[in-house]
Amino acid sequence: QVRLVESGGGLVQAGASLRLSCAASGLTFSTMGWFRQAPRKEREFVAAIIWRGGSTNYADAVKGRFTISRDTAKNTVYLQMDTLKPEDTAVYYCAADSDGSGFNFWGQGTQVTVSS
């Protein structure tokens, strides 16, 4: 059974940092990523990392503030979020691509709230 379990969300003030974790089990993935969905908005891409090699990609809105990384031994992907802004408030979802065709597995989401 494939499972993606996120943790690390919370309520912080603007300028603070948070680190999200996503522990994966049940399958080997080619790419893992983070998406977010704010109230009344569509889900949007945040960051992704190629499992082999570690190449990364970021949305323009988070470049320079967020860092995606992975621990291959723990099968876990992280999202370090620094200099958080109120507009970063959203439910953050971990996602995994098992075969290179797109993100086909999703976590349950973790809430991140940034107060001004």
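The values are calculated or read from the model by the stated rules, or taken from the named source; none is laboratory data. These numbers were taken from a predicted model, which means no experiment stands behind them. Neighbour counts are summed over all protein chains in view; Cβ atoms, including those assigned to glycine, are modelled from backbone coordinates with ideal geometry. The accessibility values were calculated without ligands, DNA or RNA, using every heavy atom of the protein model including side chains. Shrake-Rupley method; radii C 1.70, N 1.55, O 1.52, S 1.80 Å.
Restricted to the stretch 36-75, and to residues there that are touching a Ser or Thr at 6+ places or on another chain (Cβ under 6 Å) and among the β-branched types (Val, Ile, Thr), the residue that is nearest to ALA16 (Cα to Cα) is ILE68.
Per-residue answers, yes or no, for (1) open to solvent by 30 Å² or more (accessible area, probe 1.4 Å); (2) modelled with pLDDT of 95 or more:
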site: THR56; (1), (2): yes, yes
site: ALA59; (1), (2): no, yes
site: GLY64; (1), (2): yes, yes
site: LEU84; (1), (2): no, yes
site: GLY102; (1), (2): no, no
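List the residue pairs whose Cβ atoms are under 8 Å apart, where the first residue sits in the stretch 43-55 and is more than 11 Å from ALA95 (Cα to Cα), the second is among the polar types (S, T, N, Q) and outside any strand (DSSP E or B), and the two are 6 or more positions apart or on different chains. Close Cβ pairs (under 8 Å, with a partner that is among the polar types (S, T, N, Q) and outside any strand (DSSP E or B)) amount to ILE50/SER30; TRP51/THR28; TRP51/SER30; TRP51/THR72; ARG52/SER30.
Taking the stretch 4-90 as the region of interest, the strands (runs of 3 or more DSSP E) fully inside it that hold 1 or more residues being under 10 Å from the mean Cα position of the chain (by Cα) and within 19 Å of TRP106 (Cβ to Cβ) are 18-25, 31-37, 44-50, 66-71, 76-81.
Considering SER69, SER115, the condition of being more than 14 Å from SER7 (Cα to Cα), without any contact (Cβ under 8 Å) to a residue 24 or more places away in the chain and open to solvent by less than 60 Å² (accessible area, probe 1.4 Å) is satisfied by SER69 alone. The number of residues in the stretch 1-51 being open to solvent by less than 30 Å² (accessible area, probe 1.4 Å) and hydroxyl-bearing (Ser, Thr, Tyr) comes to 2. Total residues in the stretch 66-82 satisfying the condition of being basic (Lys, Arg) and at pLDDT below 95: the figure is 1.
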